[in-house]
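A quick write-up on the structure given underneath.
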Amino acid sequence: MPGGSVHRARAFAPAHVSGVFVPRLEARDPRGRGSLGAGLVLQPGVTASATWRPGGPRRTSVTSDSGQRLPISEEVARRLAGPRVGALDVRLRHDLPIGHGFGTSAAGALATGLAVAGTLGLPRRKAVETAHLADLFGGGGLGGVAAIVGGGLEVRLRPGVPPFGQVRRRTVDRELLVGSVGPPLRSSALLRGPAALRRFEEGAELFDRIAADPGWESFWDAAERFTDVARLAPPRLRAVLRGLRRRKVRSAQAMFGRTYFAEAPGGREGAQVRRWLEREGVPFRQVAIARRGAHALPGAPG
């Protein structure tokens, strides 16, 4: 082919639910901005397939199975391609819906970054930093990229991505029930609203507790209380959370969406909870907590 051979790469980045969230945007270097907090990395996520054709017209295209335009992922692709002459095409596949608190903007940005880096021979660190900055300035999340670099239960002890940020992780072989009970939320408006920011600061004490004891039970204690302190859940979601908690199922709001996440009970108790969700018309899906974070995938795009 004129201009050189075609380069292809694939990557996957997991979704994520945040249970405790405290914005931290004071750092001079934006790579050190983000959030303190804690969340769970999910096995479903976003897969990116990238194709780079050097030479010819300069063009960058990012498309998604959702049919939506994804400006944050587009920004990642453009920045990594830089002034190179050639055509870069990225296709994204989402396992979970966009805009419902599953961290899909961060997952899409990081999957795009790793796939594009694979086609261009760029280091992983460059892909992670570019995804973080695009998500930060594009109104996606504050710390989502740092959270999904690895798997498990994650506690963000310092904001930002390495070497600025610090995340402590624990492998958790558990499953969750997740479901959305309303339309998507614009996280950019919530993250910049002064009233919401004040509520997040009220959760700083809860973060301090889980930072001192980053375990499964301490996570749920903090996440449930943070949901109640933040007061962002609409009435329908609050009703679902009350119903789950009455049935002794630990549950919280996924920041930032009209979405709940809950421990997935087993046996008879689990069957009763699922029947209750079905009777109430509450959508649910059972997902595993990921053991692994974002990574390159073998093989070329189909």
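Per-structure values
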| item | result |
| --- | --- |
| Theoretical gain in end-to-end length, ARG285 to VAL229 [0.36 nm per residue, Cα-Cα removed] | 17.6 nm |
| Between helix 216-230 and the chain: long-axis angle, C-alpha atoms, 0 to 90°, nearest 10 | 90 |
| Top positive-direction residue, dipole computed over the chain with Cβ charges, set ALA11, VAL273, GLY144 | ALA11 |
| For peptides 58-69, 251-262, 286-297, sequence by mean Cβ density within 10 Å, most packed first | 251-262, 286-297, 58-69 |
| Label point distance in nm, ALA204-ARG174, each placed 7 Å from Cα along Cα→Cβ | 2.7 |
| Gain upon complete extension [THR63, ALA296; 0.36 nm per residue less C-alpha separation] | 82.0 nm |
| Euclidean distance between Cα centres, segment 234-280 to segment 72-149, Å | 32 |
| Estimated [θ] at 222 nm from DSSP helical runs (n ≥ 4, -39500 (n - 2.57)) normalised by residues in the chain, nearest 500 | -11000 deg cm²/dmol |
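Since every read-out is calculated from the coordinates, none of them should be taken as a lab result. Given the structure is predicted, the values throughout are model-derived calculations rather than measurements. Neighbour counts run over all protein chains shown; Cβ positions are idealised from the backbone, glycine included.
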